Every structure is written in structure tokens, then in C-alpha cells.
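Here is the structure we will look at.
The values are calculated or read from the model by the stated rules, or taken from the named source; none is laboratory data. Just so it is clear, the model here is predicted, and its values are computed rather than measured. Cβ atoms come from the backbone with ideal geometry, glycine included; neighbour counts cover every protein chain shown.
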Amino acid sequence: MINCKELFDNAIDRHATCAVKYEMLDELFGRHDLLPMWVADMDLPVMPEITEALARRLSHPVFGYSVPPESYWQAIIDWQRSRNGFEIRREEMLHVPGIVKGIAYAINYFTSVGDKAAIQPPVYHPFRNVTEANRRIVVENPLVETNDGYDMDLNHLEHIFASEHPRLIILCNPHNPIGICWPAATLRKVAALARQYGVVVVSDEIHGDLIHKGFHHTPFASVSDDAAAVSVTFGAPSKTFNVAGITGSWCVVKNPELREGFFSWMEANGFAEASLEAPIVAEAAYRHGAEWVDNLVEYIAANISELETLLHEGLPKARVIRPQASFLVWLDFRGLGLDHNTLIDRIVNHGHIALNDGAMFGSQGAGFMRINVGCPRCTVVEGARRLIEALR
């Protein structure tokens with residue numbers, strides 16, 4: 001294995017590559033002279049085995065219709081078994097062209113216009129957007145703040161299941177933007193309530209491979225018979241291996257009563273077709289990526305520690321909520337005493353840094369921002385310096 005730290009420390013110029021985090025700055029932030037530490041892809045290189053596998057296929061002169069090989073499915077099965085102890089059978093799996101698309105498909109199949117779907121804000125904003133855009137009604141089960149971070153409000157969850165009768169709940173596991181690895185006991189309670197009240201649980205587990213030391217990712221469908229009976233799970237290599245531009249994800253449905261109709265509907269509508277390159281990338285990642293991911297997570301953890309140290313020294317009233325998973329960090333600026341609009345103005349127009357506005361994840365995110373530390377260490381240092389100068 002090559003020296004990952006040396007590789008990750010090298011800054012990569014992503015201008016002129018149609019990168020969203022640069023191309024969308026003017027539209028979303030009103031200026032382009034910003035250090036982009038917002039959208040959730042990494043400014044770190046792709047694992048060489050992925051590039052090599054893709055290059056081998058692209059060297060062939062024909063790019064015709066293709067079908068994922070059985071080795072692709074087996075790579076996912078082996079990876080989940082070895083990393084998470086999650087046992088999957090081939091017939092329980094289907095390809096989907098991206099997790100947000102998969103969630104949209106589940107909403108459209110398992111619910112009807114006017115039905116309700118539950119989310120747990122502050123949470124990944126497409127959960128709300130895709131629900132409302134499909135003319136379903138969002139019901140909130142907000143997370144509750146604790147001394148250590150956040151937890152689910154299970155009493156309130158049962159209340160909304162019983163009174164609002166949502167048909168579906170979208171679970172973020174691990175949680176984005178806070179980075180929580182939900183304990184198995186919590187997930188079992190969610191599963192029991194969902195089965196009792198007839199609610200389908202759609203579990204987004206895209207960050208499930210980027211788990212920090214001392215924590216463990218528990219796939220929702222694995223925690224109990226109840227969970228297996230009610231769940232639709234989505235995963236992907238895109239965040240872990242920084243291949244979000246090659247859209248390819250996978251879906252697992254354990255319960256045949258849920259699976260057969262949903263998978264048939266997906267296939268009939270052409271929603272389960274894979275691009276030529278997505279299975280190649282995923283198989284290379286899952287076959288060869290274990291050591292790479294371990295090194296990546298170690299590097300990200302050191303970036304988080306660097307950010308914590310610098311902000312503690314320069315902005316002692318700000319709080320870094322250290323994630324248990326992922327390269328995304330939830331920053332609490334409420335202690336600075338600024339209203340939310342002033343906070344954004346200071347960060348964008350004085351600090352010249354682009355972060356994700358905490359309020360986009362729900363009203364509970366006012367006073368917070370999300371920062372992406374999946375980048376060279378020098379970028380983390382520069383980002384912290386800009387935040388301190390803008391907000392001190």
C-alpha cells in the first residue's frame with residue numbers, strides 16, 4: 001500500500017473539472033472567491049485500484065449495453081459481512097442509480113400523494129426536499145440535544161406514529177450532519193415501533209464505512225426480525241471512496257413481501273439499470289479498499305482533531321461536535337451570540353469560506369454550520385484560520 005498520508009497531504013486543484021463545490025459557489029453563496037468546504041465529496045484522490053479498473057475497461061473500444069457481473073454483487077456481500085457483520089443474500093439486492101433517487105423511488109412506491117413521511121431533523125436536507133417535491137407531507141421527529149451530543153426522541157416517535165400515521169420514515173444511519181452511529185438498542189426500538197404501526201423504514205447508510213475509532217456501524221436491517229421485516233436499506237461506495245460523480249448505489253430489502261413488488265416496479269420502470277462504469281468502480285473499491293479506508297479514516301480523524309484544537313484556541317465559545325462517522329463535522333456557533341444571518345454573512349463575506357448552512361438541515365440547525373474536512377490538512381488549517389478571523 002502506498003503512503004496514504006503523503007498522498008492525502010497533497011492539495012489537488014479541482015478547477016476546470018466541473019466540480020460542484022466550485023462551479024456552484026456564485027449561485028449558492030453569491031461569490032466565487034471562497035474556500036469550498038461544503039458539499040460532501042472529498043478533495044482527496046481516488047484509490048489507485050479504482051482508477052486502474054476503470055481505465056482497463058475504458059481502453060476497450062466499445063461502450064455498449066452492460067449488466068453488472070455476479071462478482072459485483074458478491075463484492076458487496078463480502079464487504080458488508082467483513083466490515084459490518086451484515087449478512088445479505090443476492091436475491092435481496094438491487095442496483096439503484098444513487099441513494100437520493102432510491103429514496104424517491106421508495107417514497108413513490110410505498111406511499112401515495114398526501115401521505116405522511118417522518119424525518120429526524122436536523123438531518124440531510126434531501127430527505128425533506130424529495131418528500132415534499134413528491135407531494136407527500138413531512139412529519140418531524142426532531143433529535144434531542146444531550147450533554148454528549150444528540151439522541152432520538154423515541155417517545156415522540158411513537159406519538160407521531162400513533163397520531164400522524166406516517167407510512168414511511170427516512171432514517172439516516174450513520175447520521176448526517178451530526179455523524180452519529182446509532183446504537184443497536186435504539187435501532188431495535190425504532191424497528192419495533194415501525195412494525196407495530198405499519199411504517200416502512202428507509203435507511204440511508206451511505207456513511208456506514210467511514211467509522212471512527214471506538215464506534216461501530218450497525219446496519220438497521222441487521223438488528224432484529226422487526227427491522228428485517230420493515231426496512232429498505234440503501235448504501236453506496238460514493239462517500240467512502242470519493243466516487244460520487246459515478247452514480248451507483250445498492251438497495252437491500254430482506255422481507256420478500258416488501259421486496260418483490262418494489263423490485264419488480266423498479267425493474268419495470270428502468271430504475272434498476274446500472275451504468276457501464278458504476279459496478280466496475282464499486283467492485284474494485286470493495287475488493288481492494290479495506291486498508292485504504294482504514295488509512296483514510298485515520299487521516300480524517302486527525303483532521304477533526306486539528307480543527308478542534310484550532311477552534312478551541314481561537315474561538316473558545318464555538319463547539320465542535322466530534323462525529324462518530326464521516327468526514328462531515330457539525331459546528332455549534334450559538335455561543336458567539338450572533339443571529340443566524342449575521343453568522344452566515346461573517347463566514348461567507350468576511351471569512352471567504354463556504355460551509356453548509358445549518359438551517360438547511362431543519363430549523364433546529366440555526367446557529368450551526370457543517371464543515372467538510374475530507375481534504376488535505378493544510379485546507380483544514382486554512383479553513384479554521386478563516387473562521388477564527390471572521391468570527392473572533
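In a residue-by-residue description of segment 219-240, the property of being surrounded by fewer than 20 Cβ atoms within 10 Å (Cβ to Cβ) and closer than 30 Å to C375 by Cβ applies to no position. Given the condition at pLDDT below 95, surrounded by fewer than 23 Cβ atoms within 10 Å (Cβ to Cβ), over 22 Å from the mean Cα position of the chain (by Cα) and among the hydroxyl-bearing types (S, T, Y), answer yes or no: does some residue in segment 163-171 qualify? Looking for residues that are at pLDDT below 95, surrounded by fewer than 23 Cβ atoms within 10 Å (Cβ to Cβ), over 22 Å from the mean Cα position of the chain (by Cα) and among the hydroxyl-bearing types (S, T, Y), one finds none in segment 163-171, hence no. Restricting to segment 150-172, and then to whatever is assigned to a helix (DSSP H, G or I) and touching a Pro at 6+ places or on another chain (Cβ under 9 Å), can you tell me which residue is nearest to L328 (Cα to Cα)? This residue is H156.
The set of residues in segment 359-392 that are within 23 Å of the chain's Cα centre (by Cα) and without any contact (Cβ under 8 Å) to a residue 40 or more places away in the chain comprises A359, A366, G367, M369.
Does segment 109-122 include one or more residues that are over 20 Å from the mean Cα position of the chain (by Cα) and of a type in the set (A, V, I, L, M, F, W, C)?
Taking every residue of segment 109-122 in turn, at least one turns out to be over 20 Å from the mean Cα position of the chain (by Cα) and of a type in the set (A, V, I, L, M, F, W, C).
Suppose we filter N129, N155, N147 for residues that are within 21 Å of the chain's Cα centre (by Cα) and either assigned by TED's automatic domain parsing to the domain that holds P174 or modelled with pLDDT under 95 (or both); which single one remains?
Selected residue: N129, the only one of N129, N155, N147 that is within 21 Å of the chain's Cα centre (by Cα) and either assigned by TED's automatic domain parsing to the domain that holds P174 or modelled with pLDDT under 95 (or both).
Number of residues in segment 144-198 that are of a type in the set (S, T, N, Q) and touching a strand residue (DSSP E or B) at 6+ places or on another chain (Cβ under 8 Å): the value is 3. Pairs are defined by a Cβ separation below 6 Å, a sequence spacing of at least 6 or placement on different chains, a first member in segment 96-112 that is of a type in the set (S, T, Y), and a second member that is outside any helix (DSSP H, G or I); the pairs so defined are Y105/F271; T111/R136; T111/R167; T111/L168. Scanning segment 69-92 for residues that are outside any helix (DSSP H, G or I), of a type outside the set (G, A, S) and surrounded by fewer than 21 Cβ atoms within 10 Å (Cβ to Cβ) yields a count of 3.
Out of all the residues in segment 205-212, is one or more farther than 20 Å from G98 by Cα and not in a loop (DSSP other than H, G, I, E, B)?
Applying the first criterion (farther than 20 Å from G98 by Cα) to segment 205-212 yields 211-212.
Right, trim to not in a loop (DSSP other than H, G, I, E, B) and you get 211.
Yes; the residues of segment 205-212 include at least one that is farther than 20 Å from G98 by Cα and not in a loop (DSSP other than H, G, I, E, B).
Could you identify the single residue in A16, A11, A40 that is at positive phi and not assigned by TED's automatic domain parsing to the domain that holds E132? It would help to see each step written out before you state the result.
Values: A11 fails: at positive phi; A40 fails: at positive phi.
Step by step, each of A16, A11, A40 is checked, and only A16 is at positive phi and not assigned by TED's automatic domain parsing to the domain that holds E132.
Reported count of residues in segment 88-105, each being over 19 Å from the mean Cα position of the chain (by Cα) and basic (K, R), is 2.
Restricting to segment 175-204, name every residue that is in a loop (DSSP other than H, G, I, E, B) and in contact with a Ser or Thr (Cβ under 8 Å, 6 or more places away or on another chain). Can you show your working first?
We begin by selecting, within segment 175-204, every residue in a loop (DSSP other than H, G, I, E, B); these are 175-183, 198-199.
Scanning segment 175-204 gives N176, G179, C181, W182, P183.
Restricting attention to segment 121-149, the residues being in a loop (DSSP other than H, G, I, E, B), under 19 Å from M360 (Cβ atoms), touching a Gly at 6+ places or on another chain (Cβ under 9 Å) and not aliphatic (A, V, I, L, M) number 4.
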